[in-house]
Amino acid sequence: RMALAQALHHARHRIVFQKKLADQPMMRSVLADMALESEGAVAAVMRLCRAFDRAPQDAQEAARARLFTPAIKFWVCKRAPAFVYEAMECLGGNGYVEDCVLPRLYREAPVNAIWEGSGNVMGLDLLRVARGEEARGVLAELAREASGLPGVEEAVQRIAATLQSAQAETQARIAVEDMAMLAAAAALQAGGSDIAHAFAQARLAGRRGATYGAADLSGREQHLMQRALPES
């Protein structure tokens, strides 16, 4: 979130083509998409923490913690370098030089996946626990929590098909990513967030672009930016 705050603060004060960067349509799309990503990641991680807290007394929560730890770790660790890079690009050259905090964040961003488990290890870890009865129960519960959001049914079907496939190991990363996005959408909806629909539309049902700013946020840009860093 520090990287996003840096990008938002800069965009609200830098003037380009007689307008503040934060008022430029494409920049707003990028910043809002990053804010959406941050909201989903925080919600998913906090719900996972809750599962760990409840695990000693609740077998279902213990199964949830076991299943979604590799999925959420995969998503957060894989997205971090691209997220920080996009924040650097928002600042331009000032975001690249070492006087700014962003180059240091960017340099450290890959270490989580490298030290805490590579993407392939996370995929194998998930496959190991995802085929049991408890895991199926957790997935069904998650589908209920995210019920009504765009793309949820399709994501659940993709996950189930991947896990049952003879090529499950080849396609494991697809299932891991879908599970992480589904967990984030469910966490946002369960927490009463008014952006749960936008997240599911952009990350589960919509066209997932390779870069930030490619999602259709249906006019929620200002709302997302304000949530990420309220203007004083």
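Please specify each residue of region 132-164 satisfying the condition of being assigned to a loop (DSSP other than H, G, I, E, B) and surrounded by 13 or more Cβ atoms within 10 Å (Cβ to Cβ).
132, 146, 149, 150, 151
Considering region 116-131, the residues that are at pLDDT below 90 and touching a Leu at 6+ places or on another chain (Cβ under 8 Å) include one that is surrounded by the fewest Cβ atoms within 10 Å (Cβ to Cβ), namely 131.
The sole residue among 214, 172 that is modelled with pLDDT under 90 and among the aliphatic types (A, V, I, L, M) is 214. Candidates in region 35-81 are the residues that are part of a helix (DSSP H, G or I), free of Cβ contacts under 8 Å to residues at least 60 places away in the same chain and among the small types (Gly, Ala, Ser); of these, the one that is surrounded by the fewest Cβ atoms within 10 Å (Cβ to Cβ) is 62. Residues considered: 206, 219, 191, 213. Of these, the only one that is touching a Leu at 6+ places or on another chain (Cβ under 9 Å) and surrounded by fewer than 19 Cβ atoms within 10 Å (Cβ to Cβ) is 213.
Residue check: is residue 177 open to solvent by 50 Å² or more (accessible area, probe 1.4 Å), free of Cβ contacts under 8 Å to residues at least 60 places away in the same chain and of a type in the set (Asp, Glu)? No, not satisfied.
Any chance region 98-107 includes a residue that's closer than 22 Å to residue 22 by Cα, open to solvent by less than 20 Å² (accessible area, probe 1.4 Å) and in contact (Cβ under 8 Å) with a residue 24 or more places away in the chain? Looking for residues that are closer than 22 Å to residue 22 by Cα, open to solvent by less than 20 Å² (accessible area, probe 1.4 Å) and in contact (Cβ under 8 Å) with a residue 24 or more places away in the chain, one finds at least one in region 98-107, hence yes. Candidates 175, 180: the one that is part of a helix (DSSP H, G or I) and within 17 Å of residue 80 (Cα to Cα) is 180. When you check residue 184 against the structure, is it open to solvent by less than 80 Å² (accessible area, probe 1.4 Å) and more than 19 Å from residue 60 (Cα to Cα), yes or no? Judged against the criteria, residue 184 is not a match.
The values are calculated or read from the model by the stated rules, or taken from the named source; none is laboratory data. Note that the coordinates shown come from a computational prediction; the quantities given were computed from them, not determined experimentally. Ideal geometry is used to build each Cβ from the backbone, glycine not excepted, and the neighbour counts take in all protein chains shown. Note: accessible area is taken over every heavy atom of the protein model, side chains too, but ligands, DNA and RNA are not part of it. Shrake-Rupley method; radii C 1.70, N 1.55, O 1.52, S 1.80 Å.
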